[in-house]
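A quick write-up on the structure given underneath.
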Amino acid sequence: MVRNSTAEHLNFLRGLIARPRNVGAVAPSSPALARAIAAQIEPQSQGPVLELGPGTGVITEALIERGISPGRITAIEYDADFVQHIAARFPDVRVIEGDAFDLDATLGSGSGEKLAAVISGLPLLNHPMARRRALIANALARLAPGAPFVQFSYGWKPPVPADARTSVTHADFVLANLPPAHVWVYRRL
């Protein structure tokens with residue numbers, strides 16, 4: 001069952017104190033938020049699932065509980081301490097220390113297998129709009145047709161508005177999170 005342990009809270013606080021811009025929250029994502037995010041992914045979908053900014057792994061755990069095999073999950077984390085934590089906690093998940101905003105450098109620019117989903121725990125509202133747009137566009141280009149890019153945020157509007165090539169839907173509002181969070185789902189049109 002998805003939960004936040006004391007060790008996860010301590011790891012999260014260490015990251016928040018050392019690199020507050022990279023963490024972007026006052027507490028780890030709640031189990032309720034993690035389940036709301038995981039609910040946007042169809043476990044029967046084919047292909048890998050990419051998680052950006054897994055932090056302490058609460059969303060990773062929810063994905064696995066949803067039925068996503070750990071071997072299908074690749075997690076990109078910028079913070080070396082979180083990388084070690086995720087790798088130890090989920091040994092079958094592929095964990096990459098790298099920059100999710102530069103997927104070409106982190107994953108390579110090859111036309112590999114299309115992704116079944118991208119999950120983002122990145123604090124997009126801490127970044128300029130152009131950087132947010134580029135991240136989502138790059139991720140959407142890697143997704144299979146109709147596959148979701150799932151992002152949560154604390155703002156009342158999506159972190160990036162829809163445009164002529166993408167749609168965005170409000171999938172959930174989770175009060176049981178500190179602070180309450182919105183779940184947004186982007187798709188290519």
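The values are calculated or read from the model by the stated rules, or taken from the named source; none is laboratory data. On a predicted model such as this, the values are computed, not experimentally measured, just so you know. Neighbour counts are summed over all protein chains in view; Cβ atoms, including those assigned to glycine, are modelled from backbone coordinates with ideal geometry. For the accessible areas, the whole protein counts, side chains as well, though only heavy atoms, and no ligand, DNA or RNA atoms are used. Shrake-Rupley method; radii C 1.70, N 1.55, O 1.52, S 1.80 Å.
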Consider Ala171 carefully, then state whether it is closer than 16 Å to Ile73 by Cα, in contact with a Phe, Trp or Tyr (Cβ under 7 Å, 6 or more places away or on another chain) and either crowded, with 16+ Cβ neighbours inside 10 Å or not aromatic (Phe, Trp, Tyr) (or both).
no
Inspect all residues belonging to the stretch 93-116 and state whether any of them is of a type outside the set (A, V, I, L, M), in contact (Cβ under 8 Å) with a residue 12 or more places away in the chain and closer than 20 Å to Glu42 by Cβ.
yes
Which of the residues that make up the stretch 59-89 are over 20 Å from Gln40 (Cβ atoms) and of a type in the set (A, V, I, L, M, F, W, C)?
Ala80, Phe82, Val83, Ile86, Ala87, Ala88
Here the qualifying pairs (Cβ atoms under 6 Å; residues six or more apart or on different chains; first in the stretch 56-73 and more than 14 Å from Ala32 (Cα to Cα); second of a type in the set (D, E, K, R) and surrounded by fewer than 21 Cβ atoms within 10 Å (Cβ to Cβ)) come out as Thr56/Glu8; Pro70/Asp92; Gly71/Asp92
Out of the residues in the stretch 178-189 that are open to solvent by 10 Å² or more (accessible area, probe 1.4 Å) and under 16 Å from the mean Cα position of the chain (by Cα), state the one that is nearest to Gln44 (Cα to Cα).
Arg187
Filter pass, Ala176 being touching a helix residue (DSSP H, G or I) at 6+ places or on another chain (Cβ under 8 Å), touching a residue at least 24 places away in the same chain (Cβ under 8 Å) and at negative phi
yes
